[in-house]
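Asker: Provided herewith is a single structure, encoded as structure tokens, for subsequent inquiry.
Read-outs throughout are calculated quantities, based only on the coordinates presented, and are distinct from any laboratory measurement. In this text, all values refer to a predicted model and were calculated from it rather than measured experimentally.
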Amino acid sequence: MHTKSAPRRLTGIDAARGVALFGMMSTHVLPLYTPGTTEATWTALLFSGRASGLFAVVAGIGLALLTGGRFPHRDRTLSADRRGIAVRAVIIALVGLVLGGVETNIAIILFHYGVLFLLALPFTGLRTGPLAAWAAGWVVLAPVAAYLLRPVVAGSVVPASVGGNPLFEHFLVPQTLAADVFLTGYYPVLQWLGFLLIGMVIGRLDLSRLGVQLGLLVAGTIAAVGARFVSAQLLGPGGGLAALLQTPDGRRYPLEAMLDVGLAGVDQSGSWWWLAVSAPHSGTTLDLVHVAGSAAAVVAVCLLLTRRFPQALLPLSAPGAMTLTLYSLHICVMSWADQLVPLPDPLQLFWVQVLAAVALGILFQRLHARGPLELLTSGAANAAREGHAEVRR
């Protein structure tokens with residue numbers, strides 16, 4: 001029913017996923033602070049928090065498209081969809097656990113990504129209106145819940161985080177693993193589910209229509225700019241920053257500089273003013289709105305640029321169609337590069353990986369092939385869907 005418009009639409013979605021991939025790679029390779037200073041680099045200002053958030057929003061769009069797009073599937077078809085998504089989620093999480101054993105200082109997103117897929121399953125049958133209501137409520141309330149729960153978890157779960165990337169061995173301490181994944185880790189899924197829900201709302205729209213694409217661009221831009229403006233007013237004239245500088249971690253860290261780069265690792269407790277920041281990886285409502293708005297705008301631009309010429313963004317869309325493989329390869333390359341003496345030049349290392357990813361993406365597309373990990377996940381997910389359909393018959 002939807003096969004005619006899907007390839008063109010998905011080319012733009014793949015391009016947005018490519019932007020997310022290269023943005024995340026840049027934050028892993030290039031410095032986020034100007035050497036010798038606390039001044040944020042352009043890499044941090046453009047991609048810190050936004051690239052990984054875009055990755056999650058596009059994942060939500062993908063879930064919506066997998067489950068019917070504008071018209072969500074029902075009954076047996078939806079049950080088969082959910083079974084396939086669950087299998088996909090488990091495989092992605094397993095890949096994340098394997099990569100967690102690689103020696104690297106990169107916060108790997110894949111395990112959390114798999115958990116998010118599983119948490120999104122109950123929402124896959126909702127139409128646009130109810131889904132939008134859930135997304136709005138989640139973005140507003142989840143950060144408040146996280147603020148209230150973090151001190152409770154920190155006081156009752158020791159340790160309250162795994163101190164790095166999740167590994168298979170962390171299942172032996174399930175309370176710590178759960179605390180890390182949901183609340184205390186780098187990608188707390190309690191708040192990050194909001195990104196998937198917003199992506200699913202976007203995926204329920206008629207993304208092939210010019211009016212929808214332009215509306216998405218305008219709405220996303222207003223949300224992104226508005227969230228930053230509100231935060232600036234609350235922290236400046238509202239007195240929020242002065243209050244935060246009096247908290248323990250506000251005194252310990254160069255907080256003003258970190259607001260541009262990210263608050264990962266900062267204990268955001270002791271003052272409700274923490275909820276007024278919009279800094280990357282702060283997990284506040286204003287952060288979620290800003291990142292999701294930026295993601296919506298990027299998706300809209302990619303859709304607009306690929307309306308007439310689906311291959312217009314080929315250097316982005318080709319690698320964007322195999323991000324699981326390329327992201328995993330990137331983690332392995334960075335682990336190897338970090339062992340070299342002397343360390344390679346970051347800019348050269350970044351561009352070599354970008355060019356290699358583009359070349360691999362285009363090669364696989366020309367061969368009409370999928371990336372190895374994409375082939376594994378989609379094959380297993382399709383087998384689960386078809387197996388479920390056979391059982392139901």
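Asker: Quick one: Karplus J couplings for segment 17-34, per residue in order, coefficients 6.51, -1.76, 1.60, θ = phi - 60°, nearest Hz, x for Gly and Pro?
Answerer: 5, x, 4, 4, 4, 5, x, 5, 4, 5, 6, 7, 9, 8, x, 9, 10, 4
Asker: Using θ = phi - 60° and the Karplus form 6.51 cos²θ - 1.76 cosθ + 1.60, what ³J(HN,Hα) does each residue of segment 275-282 get, whole Hz, x for Gly and Pro?
Answerer: 6, 8, 7, 10, 5, x, 6, 8
Asker: For the chain, what does the helix formula give at 222 nm: sum of -39500 (n - 2.57) over DSSP H segments with n ≥ 4, over the residue count, nearest 500 deg cm²/dmol? Walk me through the numbers on the way to the answer.
Answerer: Values: 17 runs with 262 residues, N = 393.
Helix contribution divided over all residues of the chain: -22000 deg cm²/dmol.
Asker: How are the C-alpha pair distances of segment 256-393 spread across 10 Å bins, as whole percents from the shortest bin up?
Answerer: Reading the bins upward from 0: 10, 21, 28, 27, 11, 2, 0.
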